[in-house]
Structures are given as C-alpha cells and as structure tokens.
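J.: I have a structure here, written as structure tokens, and I will follow up with some questions on it.
The values are calculated or read from the model by the stated rules, or taken from the named source; none is laboratory data. A quick note: this is a predicted structure, and the numbers were derived from the prediction, not measured. Virtual Cβ from ideal backbone geometry, glycine too; neighbours counted across all protein chains shown. Calculation scope for accessible area: heavy atoms of the full protein, side chains included, ligands and nucleic acids excluded. Shrake-Rupley method; radii C 1.70, N 1.55, O 1.52, S 1.80 Å.
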Amino acid sequence: MSIVSLSDLLAGARPDTHCVALKDHRQITLARLRADVSHNAQRLSARCIRHGAVVCEDGYWFLVGVLALVKIGADVILPPNSRAGTLRGLAHELDVLLTDSGAGEVASRVALESSETEAAPMRFDVANSRIDFFTSGSTGEMKRVAKSLTLFEREAAVLEQMWGAELGDAPVFGTVTHQHVFGMTFRIMWPLLAGRPYHSEFHVAWEPLLALLNGPAMIVSSPAQLTRLAGLAPVALANRPRIVVTGGAPLPPDAAIEAREIFGCIPTEFFGSTEVGVVAWRCGATQPALWQPLPTVEVASAADGVLMLRSPHASPHVSGDGWCEQPERISFAPDGRFLLEGRIDRVVKIEGKRVSLQRLEREIATLAWVEEAAVVHLGDRRAYLGAVVKLSAAGNTEIQRLGKFRFERMLRRELSSTEDLSVLPRRWRFVDSMPMDGLGKRRVRDVVALLEQTA
C-alpha cells in the first residue's frame, strides 16, 4: 500500500467507494467520511468555535469530530478520558465538546450526526492544524502536548515503509483507545493514510475481537491487555494476525511468549512518547531486548547518559536545534541499537541516602518469591518507601506459610544483602495484578492509593 496525505485523500486521491472503516459489519466509504465531516463542519461553522474537544467511544466518529474541527480552523483538544471531573476541568476553555453519545453532560456538548447528502472533495490546512493531547508521564499529573496532523502523516509514511508490505490490505483491530497518541497513530491515522480499513470499535475484552477475525489482520494492543490472555484458545491458522503491535510500557517476556502461542507471532513493541511520537521498535521474547531506532529518528546519549532525540515526528516545542531530552538513561550497542536503563527522575532521598526506585524495583523482582514490584516514596515530613508486589507461585505459597508480617521481614532480610535496611520499603502490599492505566502505564498515584489502603 502507499501513503496518501490527508489533504489528498479528502480531495479525491482514492475512489469514493474506497473503504476507510468498518462498523457493525458494514463498510464506511471515503464518500461517507467526506459527507459526515462536511455536514458536521457546517453545523459548527456558525458558532465561532476556536477550541473544541472530541470524546468519542467509536473510532469512526472520533475521526469525523477531529476533521470537522480542523476544517473550520479550530484547535482540537483530546481529553484523556470522558470522566466528569476531567471534562469539568477543561470546560472553561472549550467552545464545544463533540461526542458520539451522551458522554460529557456539559452545556457545550454536541452529538455528531451522519449526513444524508453527498459532499464534494475538500481541502484541509493540515500543516496548521493543532491537536492537544494529555500525558501523565511517571507522576500522574496531566501535561498538555500539541501536535499537528502533518506529524501523523510523516509517522505513517515511515511505518508503512517498514511494515506495509507485510500487512498488505489487512484490516486493523484495536484494544486501545484513540484518545491517546499511540491509539490514534496505529489504530486510525496509519491505516487511514495507507488505505487499510480500521474497525471503529476498540475492544476492552479479547473474546469479541477474536470472534471478528476472518483472515489476516493487524491488532493494536497494549501490555495491559496482552498480559490478560490466559484461557484463550489459539487463533486458527487462517485467521492469525500478520502483526500484533503494542506500546506504552514494556511487554513482559512471559506475555510475549503467551501471545505467540495464541496469535502465532511475537508482538512488535514500539517505544516513544506523546511529545516525540514513535522512536524505536523491537520484537523478541527475552529481556532486556535492544531497541532499533526508526530510520527517520536520530538517537544520541548526552554526557550523563540521558537519552537525546531528534525526530521529524516530534512536537514543535523542542530545542532550537531539534534535539529534545527524554527522562531516560540509555546505553548503545555497537550496531546502533540501544538499551533503556531507567528513568532519570526516579531518584529519591530516604534517611539522607539517595535511592534509585528503578534499581530497587529490579532488586525486589530478582527474589524467587516475586514476579514484579513497584516502589514509591511516601510520607510528608519523614519520607519512607512503600512497595506493591505481585508474587510468584512460590511467593504465594510462602506468604501462606509464614503470614504477611514474617514474610515481609524475610523480604527485607534478603534485600539487606544489597541495600541499607533504612532505605528498604516499610509498607508492603501484595496483589494479583499490578495497577496500570489503559495503555499499560504504571502511574505513581495508583500505586500510592493501593498502599494507603493498608494504612
């Protein structure tokens, strides 16, 4: 398949009958997309809208809403979710909130409508479009990042160059929301510009998605979903996806192996951020696996080992020379691939000693009784550490034998061989699964909330 710019696509570069999306077992053509965008843009044009938000559960109506706002020259805001508190916090700067349902009961809400008439080919000012995303990073605090549709076009071009031949005309399914950059890039913009139909619904459970597979496909998922494959039967050979992509957080090796048993392929992981877009990829079931930069991305290490990037997909709010610093430490292999060695913003002081939370998590996870650990600092006047831990089968057996108090003492004793006792976690919480958001990212506030439940 070949990439067509968004402007050319809506101006008639592909036939009107071309299928852009699949919804309720029906094809949505390019002509229908153009008509729906034109109709909703006309509805909005008389309202003097400068800033509009889009919150849609359906991926097709999400695209219609974004394009309708861009067509009238309005800035687009994509709230990270449809929770009432989130929307109330943005209400003061919104002229309209576009939805596909009753989500977001605010005065400015407008439901998107389907057009009953056709629309002529149209042109878009893609370069000057502005779409604001929100990212939580590692702290859980929302940060706004502005991007243009041109950045998505550039990104789609390099992704198609690398994986387009493998995918052919395979349709795209997803288990991640399009309200975030990863979902919008892989579920909607890349297939749209490459000419592949995408399924408008994103699935929160695997069974409905697997029931729809009818031949080769692409599946866009996340570690949050790919670690929940237990109990699923392997996909029939004729319906196995050509590629499964994931991003937002590292995929555990055992989840990669389980995915291969079910889908017939190891998921391809992508590393990036809201600010810079897709940076690198890898495909393997062992950790730590090295990352391969995309051919359009320059990766370097600052003197202190901090990751530096220069990319044509990056948000324009970077340094004057195009290089931007990322809160990661990296090391390079001789072939140019790199290893992520942990975020630089996770060093705290406990009892006057500097403690790397990343390193301590790794130390805990090496114990025979532990599969995964998350460590955070707690306390206001006197800081201390807390740990949320997912136990291994051996750990579950041992905690039943010893009891929680003695089990915690045993963990601290084992860790004291490499860490000072004064900096080891004082509060522990043992869970069946680690807290993650919809993209498989672990947020500090979620870990803290679990630990506070034990107080």
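J.: Hey, any idea what % of the chain's accessible area is carbon plus sulfur with a 1.4 Å probe?
T.: C and S fraction of accessible area: 49 percent.
J.: Run the reach check for LYS143 against lysines, Cα to Cα strictly under 17 Å, same-chain hits fewer than 8 apart removed. What comes back?
T.: LYS441
J.: Can you list the GluC sites (Glu not before Pro) in region 325-386 that are in a DSSP coil and have 14 or fewer other beta carbons within 10 angstrom? Don't skip to the answer; put the middle values down first.
T.: Working: sites: GLU325, GLU328, GLU341, GLU351, GLU361, GLU363, GLU371, GLU372; in loops: GLU351.
Of the GluC sites (Glu not before Pro), the ones in loops of region 325-386 whose Cβ has at most 14 other Cβ atoms within 10 Å are GLU351.
J.: Let me ask something else about it. Only sites in a loop by DSSP and with at most 16 other Cβ atoms within 10 Å count here; which chymotrypsin sites (Phe, Trp or Tyr not before Pro) in region 236-334 make the cut? Numbers along the way, then the final one.
T.: On the way: sites: PHE263, PHE270, PHE271, TRP281, TRP291, TRP323, PHE332; in loops: TRP323.
Here the chymotrypsin sites (Phe, Trp or Tyr not before Pro) that fit, given the DSSP loop and packing criteria, are TRP323.
J.: Could you tell me the largest-minus-smallest coordinate of the C-alpha atoms of the chain on each of the three principal axes, in descending order and whole angstroms?
T.: 72, 52, 44
J.: May I ask for the net charge around THR177, where only other residues with Cβ less than 15 Å from the Cβ of THR177 are counted and Lys, Arg are +1 while Asp, Glu are -1? Please list the in-between numbers first.
T.: Values: positive: ARG83, ARG187, LYS441; negative: GLU57, ASP58, ASP100, GLU201, ASP437.
It works out to a net charge of -2.
J.: How about LYS147: which aspartates and glutamates have a C-alpha closer than 13 Å to its C-alpha, ignoring those fewer than 8 places off in the same chain?
T.: ASP75, ASP132, GLU155, GLU275
J.: Between region 321-381 and region 206-260, how far is it from one alpha carbon centroid to the other, in angstrom?
T.: Computed from Cα coordinates, the inter-centre distance equals 28 Å.
J.: Which far-off residues, 5 or more places away or on another chain, put their amide H under 5 Å from the one on SER115, with H placed in the peptide plane?
T.: ASP36
J.: Based on the mean of other beta carbon atoms within 10 Å per residue, what is the order of 67-80, 45-58, 180-193, most packed first? Present the calculation step by step, with values, prior to reporting the outcome.
T.: Details: 67-80: 21.7, 45-58: 18.6, 180-193: 25.5.
My ranking of the peptides, most packed first, is 180-193, 67-80, 45-58.
J.: Continuing with the same structure: Let me cross-check SER115: its accessible surface, 1.4 Å probe, with only protein heavy atoms counted, in Å² to the nearest 10?
T.: 10
J.: Mind checking which of GLN453, VAL389, GLY440 is farthest towards the positive end of the chain's charge dipole, using Cβ charges of +1 (Lys, Arg) and -1 (Asp, Glu) about the Cα centre?
T.: Checking the options against the dipole of the chain, the answer is GLN453.
J.: Continuing with the same structure: Pop out the ³J(HN,Hα) list for region 428-435 in order, Karplus 6.51 cos²θ - 1.76 cosθ + 1.60 with θ = phi - 60°, rounded to Hz; leave Gly and Pro as x.
T.: 10, 9, 9, 10, 7, 8, 6, x
J.: State the three equivalent ellipsoid semi-axes of region 166-272, derived from the C-alpha gyration tensor as the square roots of 5 times its eigenvalues, in descending order and whole Å.
T.: 19, 17, 12
J.: Summing Lys, Arg as +1 and Asp, Glu as -1, what charge do residues with Cβ under 15 Å from the Cβ of LEU402 carry, LEU402 excluded? Each step should come with its number before you reach the end.
T.: On the way: positive: ARG401, LYS404, ARG406, ARG409, ARG412, ARG413; negative: GLU398, GLU408, GLU414.
The answer is +3.
J.: Let me know the Kirkwood hydrodynamic radius for region 234-345, please, with Cα pairs as the basis and the value in Å to one decimal.
T.: It works out to 15.2 Å.
J.: Rank by packing, highest mean first: peptides 297-306, 422-431, 17-26, with packing defined as the count of other Cβ atoms within 10 Å averaged across residues. Display every interim value, and only then the final one.
T.: Details: 297-306: 13.2, 422-431: 18.1, 17-26: 15.8.
Per-residue mean Cβ counts within 10 Å order the peptides as 422-431, 17-26, 297-306.
J.: With a 1.4 Å probe and all protein chains left in place, how much accessible area per residue does region 8-59 have, in Å²? All intermediate terms of the calculation are to be shown ahead of the outcome.
T.: Values: 2450 Å² over 52 residues.
Per-residue value: 47 Å².
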